[in-house]
Amino acid sequence: MNNLTPETIWTTILAIASAVVLLSNAAEKVVKAVKTARGPNIRQDERLEALEKWQKVVDGKLNRDNERLGSIEEGNRASQRALLALLDHGIDGNNIEQMQHAKETLQNHLINR
């Protein structure tokens, strides 16, 4: 320790500075490698989020279409009952109650849809 000359002090300072720069560069490379490795996962997560949002939109449309088709089927059943009542009445002239019921069913469907 008695040999502390300006030259040894500068050499020590330069060695410490070099070590700091070396560690900094190594840390930067590690961070870059980790980001590169995670890159595909991040892109995949973003893509999955977009697909899930689109799936919710499509599910909503399918539900509305399903409800509309159910309403159309109900209307078809009411129309077919009314047609059947008309046929029965046309064939034998009876079944007035059945025709009145078919009329009420058809009216309710048309009013409530």
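We did not get these values from a lab; they are worked out from the coordinates using the rules stated. A quick note: this is a predicted structure, and the numbers were derived from the prediction, not measured. Cβ: placed from backbone, ideal geometry, glycine included. Neighbour counts: every protein chain shown.
At a glance:
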{"item": "Number of positions in the range 1-38 that are in a helix (DSSP H, G or I) and more than 51 Å from the chain's Cα centre (by Cα)", "result": "13"}
{"item": "Pairs with Cβ under 9 Å, 6+ apart, first in the range 78-104 and without any contact (Cβ under 8 Å) to a residue 24 or more places away in the chain and assigned to a helix (DSSP H, G or I), second surrounded by 11 or more Cβ atoms within 10 Å (Cβ to Cβ) and among the polar types (S, T, N, Q)", "result": "Leu84/Gln98; Ala85/Asn95; Ala85/Gln98; Ala85/Gln100; Asp88/Asn95; Asp88/Gln98; His89/Asn95; His89/Gln98"}
